[in-house]
Amino acid sequence: MKRSFLFFALFLGLLTSCKQLSGKEAEVDPRDQYIGVYDDGGYTGQVFIGSIVSERPSGTVTITVGKAAAPKELTMSFLYNKGKQFEYTEKLTAELDGTKFTIIDKKSEQITVGVTTIDAPYQGKGEFADGTKFAMTTSSEKDQSGTIVKKVLGITGFKK
């Protein structure tokens with residue numbers, strides 16, 4: 001009899017000690033799967049003056065992705081040409097929609113053509129593919145005295 005009571009008490013204790021979620025599953029932040037460092041990719045681009053390619057920038061890039069304060073937003077830090085003469089960092093914020101994202105805090109970009117610097121409207125869009133690949137394209141374009149000046153850039157990286 002004592003043994004039956006002990007087993008019943010033990011069973012009752014185990015049954016009531018499990019945490020209930022009140023019918024809800026714990027929410028998972030979709031940004032979590034993309035947080036991290038993306039490397040072993042690079043960037044390539046072209047600067048057009050009309051239909052003529054005037055420049056083809058390219059190099060290495062390391063991308064660090066983190067959570068922004070607002071839901072659905074990510075911070076992205078780009079370290080271009082690490083350890084080289086033209087090393088520089090750019091920090092951007094993106095809004096996440098599924099696996100795709102759009103840069104939301106950069107509205108213009110400077111395009112240098114010879115000694116002239118042009119402020120052009122900027123767009124940046126990208127995607128996280130297969131949970132390990134980062135791909136982004138940017139575009140800046142402006143009509144400068146009847147000639148279209150455009151800069152396009154492709155950025156890729158693989159999650160470490």
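Structure data summary
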read-out	value
Mean Cβ neighbour count within 10 Å, used as a protection proxy, ranking 35-45, 116-126, 49-59 highest first	35-45, 116-126, 49-59
Charge sum, other residues only, whose C-beta stays under 11 Å from residue 158's C-beta, Lys/Arg counted +1 and Asp/Glu -1	0
Among 53, 154, 71 - extreme Cα towards positive end, dipole of the range 32-159, charges at beta-carbon	53
Cut-off 11 Å between beta-carbons: net charge of the residues surrounding residue 99, Lys and Arg +1, Asp and Glu -1	-1
Charge sum, other residues only, whose C-beta stays under 12 Å from residue 35's C-beta, Lys/Arg counted +1 and Asp/Glu -1	+2
Residue 40 paired with residue 77, simple spin-label distance in nm, labels 7 Å along Cα-to-beta-carbon	2.2 nm
Cα centre as origin, Lys/Arg/Asp/Glu Cβ charges: the range 32-159 dipole, Debye	100 debye
Of 94, 135, 113, farthest towards positive along the dipole that unit charges on Lys, Arg, Asp, Glu beta carbons give the range 87-160	135
Residue order, fewest to most beta carbons within 10 Å, for 86, 128, 134	86, 128, 134
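Read-outs: derived from the displayed coordinates by stated rules, not from any lab. Since we're looking at a predicted model, the values are computed, not measured. Every residue, glycine among them, receives a Cβ derived from its backbone with ideal geometry; neighbour counts consider all protein chains shown.
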